[in-house]
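Here's the structure, in structure tokens; my notes come after.
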Amino acid sequence: MNYNKKSIEDIEVTGKRVLCRCDFNVPTKAGVITSDKRIVAALPTIEYLVKNGARVILCSHMGKPKGEWKPELSLKIVADRLSELLGQEVIMAADVAGEDAKAKAAALKNGQVMLLENTRYEKGETKNDAALSKAFADMADIFVNDAFGTAHRAHSSTAGVADYLPAVSGYLVQKEVSIMGKALANPERPFVAILGGAKVADKLNVINNLLEKVDTLIIGGGMAYTFAAAKGYAVGNSLLDASKIDYCKEMMAKAEAKGVKLLLPVDCVVADAFPNPIDGPVDVQTVAIDAIPANKEGLDIGENTAAIFAEAVKTAKTVVWNGPMGVFENPILAKGTIAMAQALADSDATTIVGGGDSAAACEQLGFADRITHISTGGGASLEFLEGLELPGIACLQDK
Ligand code: AMP
């Protein structure tokens, strides 16, 4: 994939209707936004468009309404917050690409901003329906993608619309693509990838593809226990995907054949059961990975494992990390994840953390400014790291 894409600065926007796909998928509680981080992150692109006299039509999804008009997933609260942040009215459309949106888009003056309703209110959105893509395109002259978190999805508002309009990146997408593209096109070696999280099944392709690229692959979190089982160890009540044991064996053989170091836990922190509530008290002990008692569940990597993983990070020149090493939502089971965040923060390597839980861990610990790049997209950054073509990026014009 070509990582050198045109941005909003490479196209004339003055007087043009610019449809800008943002990531306004903000967390809410009882109708109130609990973090406006994603709205704030979108400001540079929106402000550039306003300053340059574009007629700005913003769009985004929020949650998973699955084609239904769920009022609790209306983007009106985003329009209100964005109005405050921009210091100007953000006109809210009553629909996604219907009569009201069209009329409001047609009436926009230079520098005005409007927001369409939740794109996933339309059934066609996630199907990349051509009629919906065309309806989006009919409202605008230019498409800007500034939502990296959905760039791995071929949806109408993330990729389909670019079939009908010149398409460029916003500042957020530009930053993601240029930093990750540069780090990965020709990574400085040793190149170490760290994968964690709950399930092997979610990351099958990732493991397979990363083995083609990295010098060392580290596996922690819940998925490590299927690998432990593949080595012939009993894993007690730990997360186990029995149907993937053969796959794990294949991956171990592939790593060996390719000379890739595959680092797996040598010890783990076990408890009688998964904590309930998740952040509630839990009695733990550390055991060797081949000595997990039958009635126990592995919920974090042990200290020896954390030290081995951290050592691999120390000697690396490029590190990518996606997924927690344990049930980090519980402070007693967060030590392995914290140790990895610390190792990345202490490292001089180019360090890239992919979205979600591992990004949150770095931010909560105050390490964010010591990581080269924290991606805004979990799934998207993983696919990017694997070298896959992301539809929301591939559709943008090359420089
Ligand atoms: P994922 O969405 O696949 O990145 O998984 C993140 C989740 O994996 C977090 O909520 C963790 O609590 C969970 N997790 C990590 N390690 C384990 C483990 N050993 N057993 C069960 N769940 C885990």
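Out of ASN4, ASN25, which single residue is within 26 Å of ASP398 (Cβ to Cβ) and in contact with a Lys or Arg (Cβ under 8 Å, 6 or more places away or on another chain)? Lay out the reasoning, then the answer.
Numbers: ASN25 fails: within 26 Å of ASP398 (Cβ to Cβ).
Answer to the selection: ASN4.
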remark   = Selection from the range 163-202 of residues in a strand (DSSP E or B) and more than 16 Å from the ligand (Cβ to nearest atom) yields ALA167, VAL168, SER169, PHE191, VAL192
query = Looking at the range 353-361, is at least one residue under 19 Å from ALA185 (Cα atoms) and either at pLDDT below 95 or not in a helix (DSSP H, G or I) (or both)?
reply = yes
message = ASN52 - would you say it is at pLDDT 95 or above, exposed (fewer than 15 other Cβ atoms within 10 Å of the Cβ) and polar (S, T, N, Q)?
response = no
ask   = Can you name every residue in the range 288-339 that is within 16 Å of the ligand (Cβ to nearest atom), acidic (Asp, Glu) and part of a helix (DSSP H, G or I)?
value = GLU303
task = Scan ASN145, ASN205, ASN209, ASN237 and give me the residue that is within 16 Å of the ligand (Cβ to nearest atom), under 18 Å from the mean Cα position of the chain (by Cα) and either surrounded by fewer than 24 Cβ atoms within 10 Å (Cβ to Cβ) or within 21 Å of ALA42 (Cα to Cα) (or both).
result = ASN205
ask   = Out of all the residues in the range 359-376, is one or more within 30 Å of GLN285 (Cβ to Cβ) and within 9 Å of the ligand (Cβ to nearest atom)?
value = no
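Residue-wise test of (1) within 20 Å of GLY15 (Cβ to Cβ); (2) of a type in the set (D, E, K, R); (3) under 30 Å from the mean Cα position of the chain (by Cα).
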{"position": "MET62", "(1), (2), (3)": "no, no, yes"}
{"position": "LEU85", "(1), (2), (3)": "no, no, yes"}
{"position": "VAL90", "(1), (2), (3)": "yes, no, yes"}
{"position": "ALA93", "(1), (2), (3)": "no, no, yes"}
{"position": "VAL96", "(1), (2), (3)": "no, no, yes"}
{"position": "GLU99", "(1), (2), (3)": "no, yes, no"}
{"position": "ASN118", "(1), (2), (3)": "no, no, yes"}
task = Evaluate the following for GLU256: is it closer than 26 Å to ASP202 by Cα, out of contact with any helix residue (DSSP H, G or I) (no Cβ under 6 Å at 6 or more places or on another chain), acidic (Asp, Glu) and open to solvent by less than 70 Å² (accessible area, probe 1.4 Å)?
result = no
request  = Consider VAL144 carefully, then state whether it is in a strand (DSSP E or B) and under 23 Å from GLY354 (Cα atoms).
outcome  = yes
query = Do we find that GLY387 is at positive phi and surrounded by 21 or more Cβ atoms within 10 Å (Cβ to Cβ) in this structure?
reply = no
inquiry  = Checking the structure you have, find out if any residue of the range 293-304 is open to solvent by 20 Å² or more (accessible area, probe 1.4 Å) and of a type in the set (A, V, I, L, M).
reply    = yes
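Search the range 272-282 for residues being among the hydrophobic types (A, V, I, L, M, F, W, C) and more than 10 Å from the ligand (Cβ to nearest atom), and hand back the single one that is farthest from ASN237 (Cα to Cα).
VAL282
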request  = Test ASP348 against the stated conditions and say whether it is open to solvent by 30 Å² or more (accessible area, probe 1.4 Å), of a type outside the set (Val, Ile, Thr) and within 12 Å of the ligand (Cβ to nearest atom).
outcome  = no
note = Out of (1) free of Cβ contacts under 8 Å to residues at least 12 places away in the same chain; (2) out of contact with any Asp or Glu (no Cβ under 9 Å at 6 or more places or on another chain), the one ILE77 does not meet is (1)
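The values are calculated or read from the model by the stated rules, or taken from the named source; none is laboratory data. Remember, it's a predicted structure, so these values are computed and weren't measured experimentally. Here the Cβ is made from the backbone with ideal geometry for all residues, glycine too, and neighbour counts use every protein chain on show. These area figures cover heavy atoms from the full protein model, side chains too; ligands, DNA and RNA do not enter into them. Shrake-Rupley method; radii C 1.70, N 1.55, O 1.52, S 1.80 Å.
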